Amino acid sequence: MSQAADLVIDARGVATVTLNRPEVHNAFDDLLIAHLIDLIAQARNNQQVKVLVLASTGKSFSAGADLGWMRRMADASREDNIKDAHQLSALMESLNNFPCPTVAKIQGTVMGGGVGLVACCDIAVASDNAFFALSEVKLGLAPAVISPYVIAKIGVSQARRYFVSAERFSAIRAAAIDLVHEVVLVTELDAKTEQIVATLLANGPQAMRRAKELAQVENPLPCTPALRDYTTGVIADLRASEEGKEGLRAFLEKTQPGWIAKH
């Protein structure tokens, strides 16, 4: 049985963390989140690592939350939902604060929490077939835990639009709002990612770490413990709400949720 995610560290010091659930478009659940936290920690603790690449197998980068996981959490207690959401917050924080340069290699679908992973990386390169959505409100939820990281990347103005609209946008649009840095043909994604990695490897490893620190110190992410408690509380409340349960039910049954007016 294959792992839901893998870590490979090559002789150059390039650590590649690969999401490996292509059958569910690399959607993540509590087990995958815990596994990713462990793999990122392994890479962080390896003194040979100079660059981290976040990639995925199959047609999609990540479709966000796994539906089975969402169904379980809708029936869980608020305490369990808070604990669960804190794990997702810990994943985002561990990737965002990784000491070495991080590169997201993106293809296909990028939804919800998948957008959060992209926002936590220093450099993001996407294929031209990629599309993105902060789709949570369609399910009666909100992009709560990932919000500090996404807002830091795309800015308040764009977040105010895409958080509430849940509309899909292209890789070209993602580049225009600074979510990604490069857009290439899908056939060129591997080569472009390798070119970026080679560029990074030509730089001083310790200098890159300190340079990354500079960017974060000069523009600190306001993700304090109090903010993390607030965002995890928001998603815990929405998951257990009638609207959240109705949104999930409608999505699973492929019907319209009750808040859409019937004509």
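Scan the stretch 1-46 for residues that are over 23 Å from PHE131 (Cβ atoms) and part of a strand (DSSP E or B) and the total you get is 7. Can we say LYS153 is without any contact (Cβ under 8 Å) to a residue 60 or more places away in the chain and on the phi > 0 side of the Ramachandran plot? No: the conditions fail for LYS153. ASP178 meets the conditions (1) surrounded by 18 or more Cβ atoms within 10 Å (Cβ to Cβ); (2) not in a helix (DSSP H, G or I) in every case but one. The failed one is (1). Sort through VAL103, VAL110, VAL49 and tell me the only one that's among the β-branched types (Val, Ile, Thr), part of a loop (DSSP other than H, G, I, E, B) and modelled with pLDDT of 95 or more. The unique qualifying residue is VAL49.
When residues in the stretch 43-58 are screened for being out of contact with any helix residue (DSSP H, G or I) (no Cβ under 7 Å at 6 or more places or on another chain) and either within 23 Å of ASN26 (Cβ to Cβ) or basic (Lys, Arg) (or both), 4 of them pass. Condition test on GLY108, is it touching a strand residue (DSSP E or B) at 6+ places or on another chain (Cβ under 9 Å) and over 20 Å from GLU194 (Cα atoms)? Considered against the rule, which asks whether it is touching a strand residue (DSSP E or B) at 6+ places or on another chain (Cβ under 9 Å) and over 20 Å from GLU194 (Cα atoms), GLY108 comes out as no. With the requirement that a residue be more than 13 Å from the chain's Cα centre (by Cα) and either at negative phi or in a helix (DSSP H, G or I) (or both), what does the stretch 55-65 give you? Once the filter is applied, which keeps residues that are more than 13 Å from the chain's Cα centre (by Cα) and either at negative phi or in a helix (DSSP H, G or I) (or both), the stretch 55-65 yields THR57, LYS59.
Of the residues screened, ILE172 is not one that is surrounded by 18 or more Cβ atoms within 10 Å (Cβ to Cβ) and either of a type outside the set (Lys, Arg) or part of a helix (DSSP H, G or I) (or both). Applying the condition of being aliphatic (A, V, I, L, M) and surrounded by 11 or more Cβ atoms within 10 Å (Cβ to Cβ) to the stretch 197-232 and asking which residue is nearest to CYS120 (Cα to Cα) yields LEU221. Within the stretch 166-182, residues that are free of Cβ contacts under 8 Å to residues at least 40 places away in the same chain reach partners that are assigned to a loop (DSSP other than H, G, I, E, B) with beta carbons closer than 7 Å, at six or more positions or on different chains, in the pairs ALA166/LEU134; ALA166/SER135.
Looking across ALA133, ALA124, ALA119, ALA65, one residue alone is touching a residue at least 60 places away in the same chain (Cβ under 8 Å) and of a type outside the set (Ser, Thr, Tyr). It is ALA119. Only residues that are among the hydrophobic types (A, V, I, L, M, F, W, C) and surrounded by fewer than 24 Cβ atoms within 10 Å (Cβ to Cβ): list them for the stretch 25-35, please. LEU31, LEU32, ILE33, ALA34 - these are the residues of the stretch 25-35 that are among the hydrophobic types (A, V, I, L, M, F, W, C) and surrounded by fewer than 24 Cβ atoms within 10 Å (Cβ to Cβ). Exactly one residue out of GLU194, GLU167 is in a helix (DSSP H, G or I), surrounded by fewer than 16 Cβ atoms within 10 Å (Cβ to Cβ) and at pLDDT 95 or above, and it is GLU194.
Can you spot a residue in the stretch 203-222 that is in a loop (DSSP other than H, G, I, E, B) and at pLDDT 95 or above? Taking every residue of the stretch 203-222 in turn, at least one turns out to be in a loop (DSSP other than H, G, I, E, B) and at pLDDT 95 or above.
The values are calculated or read from the model by the stated rules, or taken from the named source; none is laboratory data. The structure displayed is predicted, hence computed values, not measured ones. In this analysis, Cβ positions are derived from the backbone assuming ideal geometry, glycine residues included, and neighbour counts consider all displayed protein chains.
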